[in-house]
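Here the structure is laid out as structure tokens; the discussion comes afterwards.
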Amino acid sequence: MSTLRKRMRATTIVAGVGVVALLVAGCARGGDEGGGSSEGPADASPGITDTEITLGITTPLSGATAGPGTCTVAGITAYFGARNAEGGIEFGDGKTRTVKINALDDGYDPQKAAANFEQLKGSVFAMTSGLGTPTNRSWREAATADEVPQVLIQTGDPIFSNQQESPWSLGFVPIYQNEGAAFGELLASSSGEHKVAILAQNDDYGEGYVEGFKEAIEGADNIEIVKELTYEATDTTVDAQLTELAGSGADVFFNAMSITPLVISSLQKAQQLNWLPSWFLPSNTSSPGAILEPGGASAFPGVYTVAFAQSASAPTFAESEEGATFLSDLAEYADYPDVPAFPHCVWSYQIGATLEQVFQKMTEPTRDDFMAQLRSISDFVAPLMLEGTAVDTTIDGDPAVSSVIVQKYNGKGYATAEDFG
Amino acid sequence: MSAATAFFSRTWVRWAVVGVIAVVLIVLPLIFDAPTNSTLARIGVFAVAVLGLNVVMGYTGQVSLGQIFFLGLGAYVTAYGVNEGWNIVLVFILAILLPAVVGLLVALAAARLGGLAIAMVTIALPIVGVPLAKRLSEFTGGSQGTSARFSSAPEWTGLYDDQWQLYVVIAIPAAVFVLTRNLVRGKFGRAFAIVKENEAVASSMGISPYRYKVLAFTIASAIGGVAGFLYMVVIQYTSPETLAFHHSITLLASMVIGGAASILGSLIGGAYYVLVPQLTNIIDPNLTAVLQGAILLLVLFILPGGIVSLPRLWRRSRGGRGLGSPVAAGAQTTGIATIEGTRASHAGDYASPVGSAPAVPPVTGPESGPTDKSPSPESPEKRQDT
Amino acid sequence: MGTFIQLVIDGLSTGSIYAALALAIVLVNQATGLINFAQGGMAVLSAYVAYQFLQWGLPLILAIIASVIVSFFLGAVIERFLMRRFERGDPDTAIVVTVGLLTLITGVCAWIWSYNNLLFPSLFPLDSIPILGASVSVRSIGTTLVILAIMVLLQVLFVGTKLGLALRAVAINPQSASYSGLPVGRLLMVGWGLAAILGAVAGALVAPSLTLTPGMMDGALVYALAAVILGGLSSPVGVVVAAWMIGVLENLAAVYVPFIGHDLKIAVPFVLIFVVLIVRPQGLFGRKVVVRV
């Protein structure tokens, strides 16, 4: 075959495919996918029908943070499982709907979290309850651009509650600065001189706690920070840091750690080094059953924490009616038979309760209305919340929960601490 | 040769195939929905990353467990440049240049020391990189990461964002793949192959193993930087998490599963990296780890040479004249298990004391039996290049 | 001075954790020539098995012994039915197979026992003894002593016994080994089984302080690999010394070199390895191998 004919053959084939392609491209997608949504006021958003509403969660269900991550799904699944069993939730528009949860694993990888968001955004009504700062940050701007709610997520990063930066997002748990400040205020208002040693996780979590603490003790002459160290979340041990801190002679130990075994080993190591300060622990690593008992926390003059929810591993928890309901819902609807070692299970349950409040106020099945109603909740005491705290979403810059109580370990569980010491 | 092979080796057919693929690549993003386009774009990003790993590990036989570091570095450079408002072309060039320079420096130091040193240094890169990224928070945004939204579709194209991003991620990797293919098919590729087989032989032929290792490593780092730039195009956010060590391990697994020393294998590897987590999520989000491990083991069990060796397996099972025995199918490297050093063929310095020398130059020969651990000489043509 | 000694002792204790894993990696490498990325995962699985025996009422020491026995068979089975296929092929593929195995084992542990941190009791009491002005925990001493004992046993095994010689022969040249009448397949299984036993002991030693989770040994794995490369792939003594050096130097660098601090102290082992490899490419205690062309 001559070259010319060969070339003509090739060109014909390509041209033929090109024509077919153009015809097919004619049915290229148009309409309102991607970019901004252009729904009219009465068109329903994706993920909601007259009988069902679907929520999406992207959270770590494998890897190092899978313990708390699994809890972020379990609590909300348990709450809505119970509600569904009762027939569903009556929305503000009169329809009763059951709630479906679609959870995906992102392994604490921001790239996978963004991918999960892309997968879910067309089929869920709203995204909620996910764990982690970098993972949520990776699709925050995409959620804003696509106008998909990223609400009541489990991270204390302030950016999510800033309506200017994140008009479609809202955090649930108090920002880290808040928790650190609460303890700082307690300390600052105490009498007597105190020397403080600090050990913080080397990321925005630890930095936030320390920042809040430092702001709260600014100007208090009786408080002095004598040593400040960090550790990596991937460290096997923090013995070296403990040794350094013990040598500082501090009588208060401000601890911003989120890794359970490291907190336990710190409690043990400090005792070995004969260093017995008062401790401050963050809300997510202060469980009496899982951390304080194995660590032998009773040896210290005081172990403090901040909380807005009851601790599921305290002995009194299972005896209370709310607590017992929570545990049984967890076992029955979320396939989670153990007593949770992480507070995220309770928090996720409370997220469910808060969402129920929003659903009951919604008059239109749209994401816009959802966000409007979301920001109108005030003074809602969710189940298992401590007295003195409540959900309030009306203040710009604050997450859904911003009131915390400082508590002190009493050998079995926690009790509110009025003063330090 | 079979009829199919004869058909495809005609020039006009090859051009027609290229033309068809080009048309398909232009049209598909317009048809697919946003999640699919975004998935395809991500596959492109990691296919490039795996390609870079292949250059240094598959083709040249040097262990690199730090490829994700170069991707992360490229992503951070891109994010910084975009947020500072620099010209995007400049940012792209920097995203290639900086990782290449770092790779060059690392290779210059480590390549003289043998395979273990290179392995260790490459492990060190992401492991030290993560706390370093956290420390240099003015440039990197610290542990919260930085966002850089710059890949929205320009007005004049009338495209959706995800379509525009996919086109970028088709165009740039296509160029990279073509360039790399020409590289490994040319004299550099042959030099890499000889360095991989046996360094003593290479230097006796006048090919400096040191120089080519450094070259391969630098190219791999540059390609990693491109992948980082593309990562920012698609994900538009980066954090220290991006260059975590375990991603390097997954890249290695993707390279092997796709097919080492194979251009097409890199593409398959990228697809593996992106699709398997999504697939396991669909099956059961609570069992992603079990399923991912099981899938990996299953694929390697059936296809030890990677997915790219599937046609060979298929051909052999149909009774055609296959190329090589099952054990060596797709395994283009010599398989010497050693005591010192993890990889004789890669380290070059370490080899079985009783091992036999490969023939010089390597020739096509019958495979030694499955019980033999001695190196199997294979001709360069057996390497899977497409 | 008290701080210095405390840091050294703490470093030795942490180093023992790395050494435990490193010894298992060396054993597998000596016996089968592979680097087993899943070694830590297998150790964790063994620890979970021991935990399960504990839940079923066995006393601690019996639970550990039971898990050791189970681990031996597990290791042998894994070698026979999974790794055998890849041992003669591309080393990269074999490494990736062990990575897949690690992912699978981690996932299975999580499936059966969940991701929660389980408390594993220690063989040693939680007391501490003052030594040279530093407070040393009995657990650290116990762990270090057990590691030393294992190290000695391994060294004796490889150098002094017929089994050790047979294992090494099979790894160096299986064809010649089988011509000499050695049962190659069975020896390979024994090699992996022994390594699994080692891992089981290691897991039981470190689980009390790290708490039992599927990813328990992941952090230690990189340090263990560093210790293996620094100490030389062929030397149990070498890797233990290397692991201790890494633990101690890390601590000292973090505290006494403020620029490094606790976040970049992880660079110390790698710099160390780099420097050592420039001088001795086979590692501190490794055997130099000559390449014949």
Run C:Gly107 past the list (1) under 27 Å from C:Val184 (Cα atoms); (2) touching a helix residue (DSSP H, G or I) at 6+ places or on another chain (Cβ under 7 Å) and report the number of the one that doesn't hold. (1)
Any residue at all in region B:267-287 that is facing chain C (nearest Cβ under 10 Å), in contact with a Gly (Cβ under 6 Å, 6 or more places away or on another chain), assigned to a helix (DSSP H, G or I) and among the small types (Gly, Ala, Ser)? no
Is there any pair with a first residue in region A:134-162 that is assigned by TED's automatic domain parsing to the domain that holds A:Cys71 and a second that is basic (Lys, Arg) and in a loop (DSSP other than H, G, I, E, B) whose Cβ atoms are under 7 Å apart and which are 6 or more apart or on different chains, and what are they? A:Glu141/B:Arg149; A:Asp146/A:Lys121; A:Val148/A:Lys121
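Yes or no: C:Ile172 in contact with a Gly (Cβ under 9 Å, 6 or more places away or on another chain), modelled with pLDDT under 90 and surrounded by 24 or more Cβ atoms within 10 Å (Cβ to Cβ)?
No.
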Restricting to region A:94-140, give me the number of residues that are of a type in the set (Phe, Trp, Tyr) and touching a Pro at 6+ places or on another chain (Cβ under 6 Å). 1
For region C:152-168, give me the residue count where each residue is within 14 Å of C:Ala195 (Cβ to Cβ) and of a type in the set (A, V, I, L, M). 5
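Hey, does region A:348-360 have a residue that's farther than 23 Å from A:Gly87 by Cα, in contact (Cβ under 8 Å) with a residue 24 or more places away in the chain, buried (at least 18 other Cβ atoms within 10 Å of the Cβ) and not hydroxyl-bearing (Ser, Thr, Tyr)?
Scanning region A:348-360 turns up no residue that is farther than 23 Å from A:Gly87 by Cα, in contact (Cβ under 8 Å) with a residue 24 or more places away in the chain, buried (at least 18 other Cβ atoms within 10 Å of the Cβ) and not hydroxyl-bearing (Ser, Thr, Tyr).
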Pick from C:Val228, C:Val240, C:Val276: which is more than 10 Å from chain B (Cβ to nearest Cβ) and either crowded, with 19+ Cβ neighbours inside 10 Å or aromatic (Phe, Trp, Tyr) (or both)? C:Val240
Given the structure, is B:Ala75 touching a strand residue (DSSP E or B) at 6+ places or on another chain (Cβ under 9 Å), of a type in the set (A, V, I, L, M) and either outside any helix (DSSP H, G or I) or at pLDDT 90 or above (or both)? yes
Taking region A:376-391 only, how many residues are on the phi < 0 side of the Ramachandran plot and touching a helix residue (DSSP H, G or I) at 6+ places or on another chain (Cβ under 9 Å)? 7
Restricting attention to region C:109-124, which residues are under 21 Å from the mean Cα position of the chain (by Cα) and over 21 Å from A:Gln272 (Cβ atoms)? C:Cys109
Please determine whether any residue of region B:219-238 is within 11 Å of chain C (Cβ to nearest Cβ), assigned to a helix (DSSP H, G or I), touching a Leu at 6+ places or on another chain (Cβ under 7 Å) and buried (at least 24 other Cβ atoms within 10 Å of the Cβ). no
C:Val26 passes all but one of (1) modelled with pLDDT under 90; (2) of a type outside the set (Ser, Thr, Tyr); (3) assigned to a helix (DSSP H, G or I); (4) over 14 Å from the mean Cα position of the chain (by Cα); which number fails? (4)
Helices (runs of 4 or more DSSP H) fully within region B:105-186 counting 2 or more residues that are more than 12 Å from chain A (Cβ to nearest Cβ) and farther than 30 Å from B:Leu28 by Cβ: B:115-135, B:137-140
Conditions: (1) closer than 24 Å to B:Ala202 by Cβ; (2) buried (at least 24 other Cβ atoms within 10 Å of the Cβ). B:Ala95 meets all but one. Number of the miss? (1)
Starting from region C:247-265, take each residue that is closer than 21 Å to B:Pro126 by Cβ and list its partners that are of a type in the set (Phe, Trp, Tyr) and buried (at least 21 other Cβ atoms within 10 Å of the Cβ), counting only C-beta distances under 6 angstrom and pairs at least six apart or across chains. C:His262/A:Tyr231
So how many residues does region C:126-160 have that are in contact with an Asp or Glu (Cβ under 9 Å, 6 or more places away or on another chain) and either without any contact (Cβ under 8 Å) to a residue 40 or more places away in the chain or not hydrophobic (A, V, I, L, M, F, W, C) (or both)? 4
Can you name the helices (runs of 4 or more DSSP H) wholly within region A:311-421 that have at least 1 residues being farther than 30 Å from A:Glu165 by Cβ? A:315-319, A:321-333
Region C:125-172: number of residues that are polar (S, T, N, Q), within 25 Å of the chain's Cα centre (by Cα) and not in a helix (DSSP H, G or I): 2
Positions within region C:52-75 being touching a Phe, Trp or Tyr at 6+ places or on another chain (Cβ under 6 Å) and in contact (Cβ under 8 Å) with a residue 24 or more places away in the chain, in sequence order: C:Gly75
Quick one: which of C:Leu194, C:Leu210 is within 20 Å of the chain's Cα centre (by Cα) and within 13 Å of another protein chain (Cβ to nearest Cβ)? C:Leu210
Mind checking whether some residue in region B:11-24 is surrounded by fewer than 17 Cβ atoms within 10 Å (Cβ to Cβ), in a loop (DSSP other than H, G, I, E, B) and among the hydrophobic types (A, V, I, L, M, F, W, C)? no
Does A:Lys227 qualify as being out of contact with any helix residue (DSSP H, G or I) (no Cβ under 9 Å at 6 or more places or on another chain), at pLDDT 90 or above, part of a strand (DSSP E or B) and not acidic (Asp, Glu)? no
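Collect the residues in region C:253-264 that are more than 15 Å from A:Leu199 (Cβ to Cβ) and more than 7 Å from every other protein chain (Cβ to nearest Cβ), keeping them in residue-number order.
Those that are more than 15 Å from A:Leu199 (Cβ to Cβ) and more than 7 Å from every other protein chain (Cβ to nearest Cβ): C:Ala253, C:Tyr256, C:Val257, C:Pro258, C:Phe259, C:Ile260.
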Failed item, numbered, when A:Tyr205 is tested on (1) under 20 Å from A:Pro60 (Cα atoms); (2) assigned to a helix (DSSP H, G or I); (3) outside the structural domain of A:Asp251 (by TED's automatic domain parsing): (3)
Is it the case that C:Val240 is in a helix (DSSP H, G or I), modelled with pLDDT under 90 and within 25 Å of C:Met151 (Cα to Cα)? no
Output the number of residues of region A:88-145 satisfying the condition of being of a type outside the set (Lys, Arg), assigned to a strand (DSSP E or B) and more than 10 Å from chain B (Cβ to nearest Cβ). 10
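The values are calculated or read from the model by the stated rules, or taken from the named source; none is laboratory data. All values derive from a computational prediction rather than experimental measurement. A quick note on method: Cβ atoms are made from the backbone with ideal geometry, for glycine too, and the neighbour counts reach across all protein chains shown.
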